[in-house]
Amino acid sequence: MDGPPRLEVDSIKVNYGAAPALWDVSLSVQPGELVCVVGPNGAGKSTLIDVVAGLHRARAGRLRFNGQDITQLASHRFCAAGIAIVPKGRRLFTGMTVLENLELGSDLPHAKSQRAASLEQVLALFPALQQKLPHAAGSLSGGQQQMVAIARALMSRPQLLLLDEPSLGLAPTVVLDMFAAIRAINAGGTSVLLVEQNVAMAMELANRAYVMEEGRIVAQGLASELMGRPEIRKAYLGLEPA
Ligand SMILES: Nc1ncnc2c1ncn2[C@@H]1O[C@H](COP(=O)(O)OP(=O)(O)OP(=O)(O)O)[C@@H](O)[C@H]1O
Ligand SMILES: [Mg+2]
């Protein structure tokens, strides 16, 4: 993989008031890579992904995207820069229709001009949404709402898609569909940074992984390598030896 990493997070520090949430976190995502971040509750995974989405400011450290320093970029410009987030809990406009939610995702100029093509692409990815377009987003099942949330993010035509626990609260069969969709999105060329509690499945999907604990990265490497290390499986991933 030549050229600059798509995303470079360099020694990020974040506090909530006096409480440190991220100590000194560095990670990268190469163009086309699918990278996952795993770790226990409160490890700082959402805080990290929110910083990358521009939703939260780091108090120290740098963010680079496609070689450009975006550390000081205004929050509302991250989307135009090519970074889209599917936040935990989806945050759909439940009273608006599915189509209206999707259109909101493509409100920026670069995405608006390609709205029809984007809509066609997300409906090809999630065919079940086709007949739901005129329905209120809040009337859909949890799995379908998660599809809308991902589709809405894709409507902005991101180069990097950030996903915070997309499988949370979904039935096991729906989770399989969700992971298949994430794999397809990545296969289409979109880089993905995925936060998941569903460690085994996320690690299977990912090229590389970072393990976080108490605001620090405590292990990193090829997902397959990390899954093969008994001490990592036991201490951080809550898995039995392979
Ligand atoms: N808005 C906030 N104000 C104060 N503390 C916060 C806030 N958000 C998160 N924290 C704290 O920061 C730490 C990291 O939280 P974060 O939500 O990033 O962890 P996480 O790994 O995403 O956890 P989870 O698996 O529960 O989603 C935790 O100790 C949490 O209590
Ligand atoms: Mg979280």
Are any residues in segment 151-163 under 9 Å from the mean Cα position of the chain (by Cα) and surrounded by fewer than 22 Cβ atoms within 10 Å (Cβ to Cβ), and if so, which ones? none
Is it fair to say P166 is assigned to a loop (DSSP other than H, G, I, E, B) and buried (at least 19 other Cβ atoms within 10 Å of the Cβ)? yes
Answer yes if at least one residue in segment 213-222 is within 16 Å of ligand 1 (Cβ to nearest atom) and farther than 28 Å from L22 by Cα, and no otherwise. no
Only one of V195, V175, V148 is among the β-branched types (V, I, T) and surrounded by fewer than 21 Cβ atoms within 10 Å (Cβ to Cβ), namely V175
Spot the failing condition for H110; the list is (1) farther than 30 Å from G67 by Cα; (2) in a helix (DSSP H, G or I), and only one is missed. (1)
Can you confirm whether S28 is without any contact (Cβ under 8 Å) to a residue 24 or more places away in the chain, closer than 30 Å to G238 by Cα and more than 16 Å from ligand 2 (Cβ to nearest atom)? yes
One residue is enough: does segment 67-83 have a residue meeting the conditions in contact with a His (Cβ under 7 Å, 6 or more places away or on another chain) and either among the hydroxyl-bearing types (S, T, Y) or not in a helix (DSSP H, G or I) (or both)? no
Tell me which helices (runs of 4 or more DSSP H) are completely within segment 173-239 and hold 3 or more residues being farther than 17 Å from Q146 by Cα and among the charged types (D, E, K, R), or say none if there are none. 230-235
Could you grab me the full set of residues in segment 38-78 that are touching an Asp or Glu at 6+ places or on another chain (Cβ under 9 Å), in contact (Cβ under 8 Å) with a residue 60 or more places away in the chain and away from ligand 2 (no atom under 16 Å from the Cβ)? R64, F65, G67
May I ask you to list the residues in segment 171-197 that are over 22 Å from P31 (Cα atoms) and touching a strand residue (DSSP E or B) at 6+ places or on another chain (Cβ under 9 Å)? Q197
Can you pull out every residue in segment 59-77 that is of a type in the set (G, A, S) and in contact with a Ser or Thr (Cβ under 9 Å, 6 or more places away or on another chain)? A60, G61
Any residue in segment 60-77 that is within 15 Å of ligand 1 (Cβ to nearest atom) and surrounded by fewer than 21 Cβ atoms within 10 Å (Cβ to Cβ)? no
So, R91, is that one part of a loop (DSSP other than H, G, I, E, B) and charged (D, E, K, R) or not? yes
Candidate set: segment 17-36, residues that are within 13 Å of ligand 1 (Cβ to nearest atom) and within 12 Å of G215 (Cα to Cα); chosen: the one surrounded by the fewest Cβ atoms within 10 Å (Cβ to Cβ): A19
Please go through segment 136-166 and pick out each residue that is in contact with a Cys (Cβ under 8 Å, 6 or more places away or on another chain) and either hydroxyl-bearing (S, T, Y) or within 16 Å of ligand 2 (Cβ to nearest atom) (or both). S156
The number of residues in segment 1-60 that are under 15 Å from L193 (Cβ atoms), modelled with pLDDT under 95 and among the hydroxyl-bearing types (S, T, Y) is 0
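The values are calculated or read from the model by the stated rules, or taken from the named source; none is laboratory data. If you're wondering where the values come from, they're calculated on a predicted model, not measured in any experiment. Glycine gets a Cβ as well: all are built from the backbone with ideal geometry, and neighbour counts include every protein chain shown.
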